[in-house]
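Following: one structure in structure tokens, then a few remarks.
The numbers here are math on the coordinates, done by the rules we state, and not lab data. Small disclaimer: the values here were computed from a predicted structure and weren't measured. Neighbour counts are summed over all protein chains in view; Cβ atoms, including those assigned to glycine, are modelled from backbone coordinates with ideal geometry.
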Amino acid sequence: MSENPDLTNERASGTFETNAMAAVIYGSEKFAQRRREITEAISKIPEFQDSHPLVFMSREEKISEACRKLAVLSNYWNSLIDTSDEEEALHLYREVLGLEGHPLALHETMFIPSLIAQASDEQQEKWLGRAQRREIIGCYAQTEMGHGTNLRALETTATFDISTREFILNSPTITSLKWWPGALGKSANWSIVIANLIIKEHNYGPHPFMVQLRDEKSHEPLPGITVGDIGPKMAFNGADNGFLGFKNYRIPRENMLMRHSKVTSDGSYIKPPHAKIGYSSMVKVRSRMAMDQGLFLASALVIAVRYSAVRRQGYLEDKSREVKVLDYQTQQHRLFPSIARAYAFIFCGFETIRLYDQLLIDVQNGNTSGMADLHALTSGLKSVVTYQTGEGIEQARMACGGHGYSMASYISEIYGVAIGGCTYEGENMVMLLQLARYLVKSIEMIQNGKSRELGPMVAYLAENESEIDLNLGPNEYLKVFEYAARNQTWRATEKFQKLRNSGMSNEEAWNQASVELTRASRLHTRLYIMSTFINHVGSIVDQKVKGVLIDLLNVHVTYEVMDIGIYVQGLLSSNQMDLIRNQLYVSLETIRPNAVSLVDSFQISDMQLRSVLGRRDGNVYENLFKWAKSSPLNKTDVLPSVTQYLKPMMEKSKL
Ligand SMILES: CCCCCCCCCCCCCCCCCC(=O)SCCNC(=O)CCNC(=O)[C@H](O)C(C)(C)COP(=O)(O)OP(=O)(O)OC[C@H]1O[C@@H](n2cnc3c(N)ncnc32)[C@H](O)[C@@H]1OP(=O)(O)O
Ligand SMILES: Cc1cc2nc3c(=O)[nH]c(=O)nc-3n(C[C@H](O)[C@H](O)[C@H](O)COP(=O)(O)OP(=O)(O)OC[C@H]3O[C@@H](n4cnc5c(N)ncnc54)[C@H](O)[C@@H]3O)c2cc1C
């Protein structure tokens, strides 16, 4: 069937090449090209197609479908991608497996990275290759039923038995059961388990252990292990998040991951070079989250923007033809700032992935000095992007009206998966408070006359306000954001200090200042996102692409500043606020002809989108009808439940 002419016209009005934009989004022409090649190759392999729409499947069917595709994938793996390239692998996974989770998701995102970061060279020799070849399937079991945030209170124990040189793993209480780890329930046969290391009754706190859970031949749980699935979730139902308990389960001493902390055979403990080095797998995932969330948001926007360009409802001036809903200013205001955020998140994502890769090298060389900075940055970033992504996806759903609420849009699934990120890898409020610790320390350095020692990301906290001339462009908006973040950080810190100086304990003072502190963290992070966006656009060579991204940046800076209006009242007059508001409306109009091309540029395939509304060809209505007809409820005209209950009820009522 040919493309819907409304979308053809939209594409014709674009002022730039979507391939050139994709090269900017994905960091290089080479990778953008590789993505297209991989997508193209996959589309020719029929076994990769869903056997029927995932949304009509039960959990068992979804998991089985994911396993089927993984088995097929293992035959093609080496021919489809450069297996040493993580981004290619992720693209392949996204295309074939989608976003609802699968048995290898945690294997790739946490199990292998933990082995790389935490296992000694000998341990890597033993397990890493096996994991990379997928001879074993691993997961990351840290969270317990009773504790996920407060890692110091985890209850699982690994007690060193000097006589046998083994660790004995135990789950002493119900609340100590591992609870939530992805792929643990039914798929994984090995796990990195985080347990308290106990030697001669001394608790050295949580450490990582490599633990076999199931027999490699029968896949049956090994004696001493209780393991299973935790049941259906809001989304991610293609994943078997699990529970796990240990009863006197023994593992060799060599199974404690010993790149950093060590236990010798006589039971001596060797400290790691940094107390939090064992948390590195979490930092790795957090450093990826801006990118992953940016892509979730992008997916919802591809759907909503394409659909808004084919959905006609109501009239503007021309009463002879209904208007595309994308032409309403309210629709543009609902969607375009989120397009800008999706671009900004992806740009930040590339930056934090690069920073993590560098940190990994530094730490392997014994230099842990960058850990605090990256922890602070990724803590704030994961919190802000997950929250704003959730907001943006929900707006995208509403922008699709009634059909947005149907699973045919697939937006609800994207939403459910994306907002999981507000919780996993550290609950958002908790992570904002981690960043706040860093910000408060920075203010204390300024107060102690050590401003010069501040890192580049917090140097603005020591600066004074300057005059703002909004006509000068994005950098002036950055100054507005700096003002807001600086003011709020100082205010929150001073509140905390005042409470503490009044005699309150440090913890209680912190608690009573914590809402203000999280606000400071959000503003600081949004400032970082904006400055990364500005820097990125500044470095673009293709002038057409750059021109459109400047327009998008204008949407971003004006929208973001309007959104934090309350924090800039002391800086901007009401006239200046009016000016910004009007600039935002003008920016929405400017970006309108490029809206479809901007979302096309994400190059997210129909196969991955799974959305009837977001189809690239825009042929929504006929496919919506086809999709509804394929609902299992429509297999028969009369359901057994009608025959069994409703008919007798109606007949009884007639008497
Ligand atoms: C290729 C495959 C692809 C697959 C396709 C699919 C793609 C889609 C992606 C989706 C996949 C789904 C994945 C889902 C994964 C979820 C996995 C998990 O949730 S796993 C579970 C995740 N669980 C969580 O995230 C748990 C969250 N909780 C925590 O991380 C910790 O308990 C804590 C950080 C909150 C506190 O820790 P605590 O020990 O009490 O520490 P204090 O507060 O007392 O602070 C003391 C000092 O330490 C400092 N510091 C702290 N951390 C770090 C660090 N990392 N570094 C450096 N420093 C750090 C801190 O700044 C402070 O410094 P100072 O101020 O004194 O100078
Ligand atoms: C989809 C999904 C996948 C997951 N995958 C894994 C996995 O593979 N492996 C794994 O180990 N875990 C996994 N988890 C678990 C996840 O990491 C934890 O749920 C998460 O870290 C939050 O911890 P919690 O559940 O204990 O929340 P809680 O800490 O109980 O949060 C409840 C409330 O308490 C507040 N709170 C808690 N502490 C503080 C504090 N100090 N200050 C202020 N407020 C506070 C929080 O902000 C929140 O509002 C997964 C979770 C989900 C949803």
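Sequentially through the range 9-18, phi angles give Karplus couplings (6.51, -1.76, 1.60; θ = phi - 60°) of 5, 4, 5, 5, 7, x, 9, 9, 7, 5 Hz, Gly and Pro residues having no value and appearing as x.
If you wrap the tightest convex hull around every Cα atom of the range 552-622 and split its volume per residue, you get 125 Å³. Under the convention that each Lys and Arg Cβ holds +1 and each Asp and Glu Cβ holds -1, the size of the dipole of the range 49-180 around its Cα centre is about 360 debye.
A Förster radius of 35 Å, combined with the Cβ-Cβ distance separating GLN497 from GLN358, puts the computed FRET efficiency at roughly 0.55. Label separation (THR8 vs ALA275): 6.6 nm, computed from points 7 Å beyond Cα along the C-beta direction. Working note: Karplus 6.51/-1.76/1.60 with θ = phi - 60° gives the range 564-579 the couplings 10, x, 4, 8, 10, 4, x, 9, 9, 7, 5, 5, 5, 5, 4, 4 Hz, where Gly and Pro are set to x. Taking 7 Å steps out from each Cα toward its Cβ at ARG130 and THR15 produces label points 5.9 nm apart. The length gained on full extension between GLU444 and TRP490, counted as 0.36 nm times the residue separation minus their Cα-Cα distance, comes to 15.6 nm. Between the range 1-37 and the range 485-504, the C-alpha centres lie 49 angstrom from each other. Since only PRO208, THR39, GLY366 are under comparison, the one whose Cα sits farthest along the positive direction of the charge dipole of the chain, derived from C-beta charges on Lys, Arg, Asp and Glu, is PRO208. Separation of the range 426-477 and the range 242-289, taken as the distance between their Cα centroids, equals 34 angstrom.
Computed from the C-beta positions of SER369 and SER451, the FRET efficiency with R₀ = 22 Å rounds to 0.70.
Checking the cross-link pairs LYS30/LYS382; LYS30/LYS626; LYS233/LYS382; LYS126/LYS233; LYS186/LYS233 against a 26 Å limit on the alpha carbon distance flags LYS30/LYS382; LYS30/LYS626; LYS126/LYS233 as lying beyond it. Measuring r between the beta carbons of GLU216 and ALA459 and using R0 = 60 Å, the FRET efficiency lands at 0.65.
Projected label points at ASP637 and GLU40, each 7 Å from Cα along the beta carbon direction, are separated by 4.8 nanometres. Taken over the range 137-272, the percentage of Cα pairs per 10 Å bin, counting from 0 up to the bin with the maximum distance, is 13, 45, 32, 9, 1.
Whole-Hz Karplus values for the range 608-622 come out as 6, 5, 6, 10, 5, 6, x, 3, 4, 7, x, 7, 7, 5, 5 Hz, taken residue by residue from phi with 6.51 cos²θ - 1.76 cosθ + 1.60 and θ = phi - 60°; glycine and proline positions read x.
Straightening the chain between VAL72 and MET429 buys 124.5 nm, computed as 0.36 nm per residue apart minus the Cα-Cα spacing.
Based only on the alpha carbon positions, what is the Kirkwood hydrodynamic radius of the chain, in angstrom?
Mean inverse Cα-Cα distance, inverted, gives 26.9 Å.
Averaging 1/r over every pair of different alpha carbons in the range 310-435 and inverting the result gives a Kirkwood radius of 17.2 Å.
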